[in-house]
Amino acid sequence: MPGCELGEGCSIGQNVMVADGVRLGRNVKVQNNVSLYSGVVCEDDVFLGPSVVFTNVKNPRSAVPRRGAGHYQTTYLEQGVSIGANSTIVCGVRLGQYAFVGAGSVVTKDVAPFALVYGNPARPRGWMSAYGHRLAFDAAGHATCPESGEQYELTAENQVKRISSIQNL
């Protein structure tokens, strides 16, 4: 729709609606049957699986108009986020870099960078590398991506940080 922004190299599937005010970064892949409503922001390299659902109002009522400024809540997907098929993302959440949402999940809260979440409601289930592999941390809090060789650290605050990068991810 007029007023949306699509970055270079985006791939948009069949039956996709991109509303006014939606921003998609570079190389965002939107699979079939996804509606991106006002307030959705995707940084570069985000993947949205088939039939992912976004909301933009927390308390919708048919008889109460809630369009425009002050009513739509922003849903922010940082670089590299992947969302599995048939997942629902409730408005107002932020998904951190390279977060991975399993198919069929319902995300109601913010998701940490590199976190693997799934279920209804989605809960933390582990950690993923930027290449999409589950990370296994040793007793010292270190893990290596089996594909890229990148190194990750699990901090005392239960957050994951990439401590070495091999390529441009």
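The values are calculated or read from the model by the stated rules, or taken from the named source; none is laboratory data. Note that the structure is a prediction, hence the values are computed from the model and not measured. Cβ placement follows ideal geometry from the backbone for every residue including glycine, while neighbour counts extend to all protein chains displayed.
Residues of the range 76-96 include none that is in contact with a strand residue (DSSP E or B) (Cβ under 8 Å, 6 or more places away or on another chain), more than 26 Å from GLY13 (Cβ to Cβ) and among the basic types (Lys, Arg).
Listed here are the residues, each with its yes/no results for (1) among the hydrophobic types (A, V, I, L, M, F, W, C); (2) buried (at least 16 other Cβ atoms within 10 Å of the Cβ).
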{"site": "MET1", "(1), (2)": "yes, no"}
{"site": "GLY9", "(1), (2)": "no, no"}
{"site": "VAL22", "(1), (2)": "yes, yes"}
{"site": "LYS29", "(1), (2)": "no, yes"}
{"site": "ASN32", "(1), (2)": "no, no"}
{"site": "LEU36", "(1), (2)": "yes, yes"}
{"site": "VAL41", "(1), (2)": "yes, yes"}
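Residue selection: SER105 fails the criterion of being surrounded by 13 or more Cβ atoms within 10 Å (Cβ to Cβ), under 16 Å from VAL46 (Cα atoms) and either in the same structural domain as SER164 (by TED's automatic domain parsing) or at pLDDT 95 or above (or both).
Filtering ASN15, ASN32 for residues that are in contact with a Ser or Thr (Cβ under 8 Å, 6 or more places away or on another chain) and assigned to a loop (DSSP other than H, G, I, E, B) leaves a single hit, ASN32. Against the criterion of being over 22 Å from PRO121 (Cα atoms), in the same structural domain as VAL117 (by TED's automatic domain parsing) and assigned to a loop (DSSP other than H, G, I, E, B), PRO50 does not qualify.
Among the residues of the range 59-85, those that are closer than 15 Å to ASP110 by Cα and assigned to a loop (DSSP other than H, G, I, E, B) comprise GLN73, THR74, GLU78, GLN79, VAL81.
Of all residues in the range 48-84, exactly one satisfies the criterion of being surrounded by fewer than 21 Cβ atoms within 10 Å (Cβ to Cβ), modelled with pLDDT of 85 or more, of a type in the set (A, V, I, L, M, F, W, C) and under 18 Å from LEU95 (Cα atoms), namely VAL53. Quick one: is TYR131 hydroxyl-bearing (Ser, Thr, Tyr), at pLDDT 95 or above and assigned to a loop (DSSP other than H, G, I, E, B)? Answer is yes for this residue.
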